[in-house]
1. Scan segment 191-215 residue by residue and report those that are within 27 Å of W179 (Cα to Cα), in contact (Cβ under 8 Å) with a residue 40 or more places away in the chain and out of contact with any Phe, Trp or Tyr (no Cβ under 7 Å at 6 or more places or on another chain).
2. Kindly provide the set of residues from segment 133-178 that are among the polar types (S, T, N, Q), surrounded by fewer than 18 Cβ atoms within 10 Å (Cβ to Cβ) and in contact with a Cys (Cβ under 8 Å, 6 or more places away or on another chain), ordered by number.
3. Give me a count of the residues in segment 45-92 that are hydroxyl-bearing (S, T, Y) and buried (at least 22 other Cβ atoms within 10 Å of the Cβ).
4. Applying the selection to segment 164-201, what residues are in a strand (DSSP E or B) and closer than 26 Å to T12 by Cβ?
5. Where the second residue is in a loop (DSSP other than H, G, I, E, B) and crowded, with 24+ Cβ neighbours inside 10 Å and the first is touching a residue at least 12 places away in the same chain (Cβ under 8 Å) and hydroxyl-bearing (S, T, Y) and lies in segment 55-73, which pairs have Cβ atoms under 7 Å and are six or more apart or on separate chains?
6. What tally of residues in segment 69-98 results from selecting those that are touching a strand residue (DSSP E or B) at 6+ places or on another chain (Cβ under 8 Å) and farther than 18 Å from T163 by Cα?
Amino acid sequence: MAGMLILKTGSTYPDIRQQYGDFDRWFCARLEQSQQTVVTDVTHEQLPGEPSDWQGIVVTGSPAMVTDQEPWSEKTAAWLHEAVRQQVPVLGVCYGHQLLAHALGGRVGFRSRGRESGTFEVSCTREGRQDPLLGQLPPSFPAHLTHAQSVLELPPGAMLLATSDGEPHQAFRIGPHAWGVQFHPEFTEAVMTAYLNTQAKGLAEEGQDPGYLLNTVRPTPEATSLIARFEAYASSQTRATAEMPDNRSGIAQDTY
């Protein structure tokens, strides 16, 4: 079995990319075994084999919209559905969170209040505090966000793990090993600040206060730790599978 896979679903703003790099670079910086990580840009590259070929799968954010149902996005959604069926650990972030929900029967759409950007407090639900991944975080923690669309309805059978004042579906789990998070654990304070500067005009046109949002950007160490925690979780699942009798994976054929 190969290492971690990052499914890149687009690129950040050109000026931000020039200064800080792109989505995949930010995720790799958070992974402890990044030298074993493979990045596939699904917007123009073929999906890499079977989901079960990989120890774990991370799906990045994107400037695209899930509701546009681009062919590459729909193919990736079907592949993620299979990943969940095969019980491969998955972490979808922002667009990846929405795409995972869409793939499994949830509903994605534009936020009625417009774009949400900045650093906001995220609170775990009771189920989130007992979750094998989010349960290691504090009950409430700051996280960076930037998104125009949201998961409006969770997929059937999904468990709500976290919420915030501006976003009722901040995190969910479906099946034993697949997570979606709307917030950005890969963002640094500098990247979040760069996003707000780039988006300032549009945010102001929506009636928001970019200056206030910039002043409230702060460290998000708990949210940031989620990527390495997911990597460790995926690695532990690989070891557990390898130790099963006859090396059977225990994949469920008919359920998540």
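Please treat every number below as a calculation from the coordinates, not as lab data. Note that the structure is predicted; figures quoted are calculated from it, not measured. Cβ: placed from backbone, ideal geometry, glycine included. Neighbour counts: every protein chain shown.
1. Across segment 191-215, the qualifying residues are M192, Y195, L196.
2. S140
3. Number of matching residues: 4.
4. Passing the criteria: A171, F172, A178, W179, G180, V181.
5. T60/T9; S62/T9
6. 7
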